[in-house]
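Colleague: Okay, handing you the structure first.
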Amino acid sequence: MNELKKCGACLLPETYETIEFDTKGTCNVCRNKVVRDEKIDWAARKLQLDALVEQHRGKHDYDCIVPFSGGKDSTYTLWYLINEYKLKPLVVRFDHGFMRDTLEENNIRTFKKLGCDVISFTPNWKLAKRLMLEALRRKGDFCWHCHTGIFSYPMHIAVKFNVPLVFWGEPSSEYTQYYDYADDEIEQVDETRFNRFVNLGITAEDMYGMIKDDFPVEPRDLLPYTYPNLRDLKKLRYNSVCLGSYIPWDVKKNVGIIQEELGWKGDQVEGMPWEEYPYEKIECYMQGMRDYIKYLKRGYSRVSQMVALDLRNGRITKEHGQELVDQFEGRKPPSLELFLDYVGLSESEFNEIVGNTVVPPNKPDFQKNEWAPKTWDFDRWYREDSADAKKS
């Protein structure tokens, strides 16, 4: 692996999405953190949130919709809205196919403790596999079905149930510069954002055209991955926003709250330092694969992102952060074998596909990556028998 230029403050590399360096070698995400802490009037933002809540309270069958994965951010968002405002939310889950046992236990406990209505949607698994393969081939990112579904399906439910207010959790400004705190704007989770960096530039209509010749699919099968008609959303007068645009978002503080209030439990995640970050991305057993691909393409993984976040918050030293990056990034996840079986590829075919999407100046070495340890629940993850694999 080649040496990449890194931020002098948070260690994010030059291949990080949206990154730019100033003359001192500090990245724009770090500079944005200063704006967040010193320039944003959070008391005024909280008053905006109060007004938004009161504008919608009691006007519909539900006060708001909370898209919910069961991870730390959506769990905290649900807890905050019910605890702080006594709202009646409709919780909407999009099951991407990789939910884990600890997550399901957390969800059951959370829903029962808080007392809320829940809708959970699980899409066609055979179609999901074909979408994963196509997205991997086209963009080097197999998560298209997950991300488009998570961000579009709750909006369909908002239209169906006539609930105009949708609350997401953490704003993207915490990690990237797709949106900037310096603009002093409330981040809208809308179709512009959806097309800007959620769907990888591939619409559901595009995807249908890509797979219809070799997979039995109809346009209606892709509806869970389409954004609702703009006319319907305007008629609804929807407002889809991040809770973290109105209150300062502190991941570790939020985790502590949901652990104490809801009994929320963390978990081991492939490729992550289990002791340092037991709360990060526990909702998907393919997270290790996503990080591995990111490392091959861009030379970093979620370890770098979490280290950068902790460095910006003064929680670790750069020396320790670099140790974590060196020790944990780039190891092959055991889930690789499952993923290859799902999409029908050999490892060499996989390497060739990902190699075509590498972001310069990163130059991955596919031969030097050691295996990461298996998580405690690895043997419980879904496996297809050979007959099923051939049929699909």
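The values are calculated or read from the model by the stated rules, or taken from the named source; none is laboratory data. Because the structure is predicted, anything quoted here is derived from the model rather than measured. Because the Cβ atoms are built from the backbone with ideal geometry, glycine has one as well, and the counts that use them run over all protein chains shown. We work out accessible area using only protein heavy atoms, side chains counted, and drop any ligands, DNA or RNA first. Shrake-Rupley method; radii C 1.70, N 1.55, O 1.52, S 1.80 Å.
Colleague: Filter region 135-156 down to the residues that are out of contact with any Phe, Trp or Tyr (no Cβ under 6 Å at 6 or more places or on another chain), part of a helix (DSSP H, G or I) and open to solvent by less than 10 Å² (accessible area, probe 1.4 Å) and list them by number.
Modeller: Within region 135-156, TRP144, HIS145, PRO154, MET155 meet the criteria.
Colleague: Taking region 314-346 only, how many residues are open to solvent by less than 30 Å² (accessible area, probe 1.4 Å), outside any loop (DSSP other than H, G, I, E, B) and more than 30 Å from LYS126 (Cβ to Cβ)?
Modeller: 3
Colleague: So which of TYR85, TYR62, TYR80, TYR16 ends up being under 27 Å from GLU270 (Cα atoms) and hydroxyl-bearing (Ser, Thr, Tyr)?
Modeller: Matching residue, one of TYR85, TYR62, TYR80, TYR16: TYR16.
Colleague: Could you check, for region 171-180, whether at least one of its residues is of a type in the set (Gly, Ala, Ser), open to solvent by less than 40 Å² (accessible area, probe 1.4 Å), closer than 30 Å to ASP63 by Cβ and touching a strand residue (DSSP E or B) at 6+ places or on another chain (Cβ under 7 Å)?
Modeller: For region 171-180, residues of a type in the set (Gly, Ala, Ser), open to solvent by less than 40 Å² (accessible area, probe 1.4 Å), closer than 30 Å to ASP63 by Cβ and touching a strand residue (DSSP E or B) at 6+ places or on another chain (Cβ under 7 Å): absent.
Colleague: How many of the residues in region 102-113 are open to solvent by 20 Å² or more (accessible area, probe 1.4 Å) and closer than 20 Å to ASP267 by Cα?
Modeller: 5
Colleague: Here's something else I'd like to know. Among the residues of region 83-101, is any free of Cβ contacts under 8 Å to residues at least 24 places away in the same chain, over 30 Å from TYR342 (Cα atoms) and open to solvent by 30 Å² or more (accessible area, probe 1.4 Å)?
Modeller: Yes, region 83-101 contains at least one residue that is free of Cβ contacts under 8 Å to residues at least 24 places away in the same chain, over 30 Å from TYR342 (Cα atoms) and open to solvent by 30 Å² or more (accessible area, probe 1.4 Å).
Colleague: Against the definition (polar (S, T, N, Q), touching a residue at least 24 places away in the same chain (Cβ under 8 Å) and under 20 Å from ASP377 (Cβ atoms)), how does GLN268 come out, yes or no?
Modeller: yes
Colleague: Here is a follow-up. Return the only residue of ASP50, ASP61 being among the acidic types (Asp, Glu) and touching a residue at least 60 places away in the same chain (Cβ under 8 Å).
Modeller: Going through ASP50, ASP61 in turn, just one is among the acidic types (Asp, Glu) and touching a residue at least 60 places away in the same chain (Cβ under 8 Å): ASP61.
Conditions (1) closer than 18 Å to GLU174 by Cα; (2) part of a helix (DSSP H, G or I); (3) open to solvent by 50 Å² or more (accessible area, probe 1.4 Å), marked per residue:
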{"residue": "ILE19", "(1), (2), (3)": "yes, no, no"}
{"residue": "THR23", "(1), (2), (3)": "no, no, yes"}
{"residue": "ARG31", "(1), (2), (3)": "yes, yes, yes"}
{"residue": "VAL34", "(1), (2), (3)": "yes, yes, yes"}
{"residue": "ARG45", "(1), (2), (3)": "yes, yes, no"}
{"residue": "GLN55", "(1), (2), (3)": "no, yes, yes"}
{"residue": "TYR62", "(1), (2), (3)": "no, no, no"}
{"residue": "ILE65", "(1), (2), (3)": "no, no, no"}
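Colleague: For the list (1) open to solvent by less than 20 Å² (accessible area, probe 1.4 Å); (2) under 26 Å from GLN287 (Cα atoms), I need the number of the one condition that LEU233 fails.
Modeller: For LEU233, the exception is condition (2).
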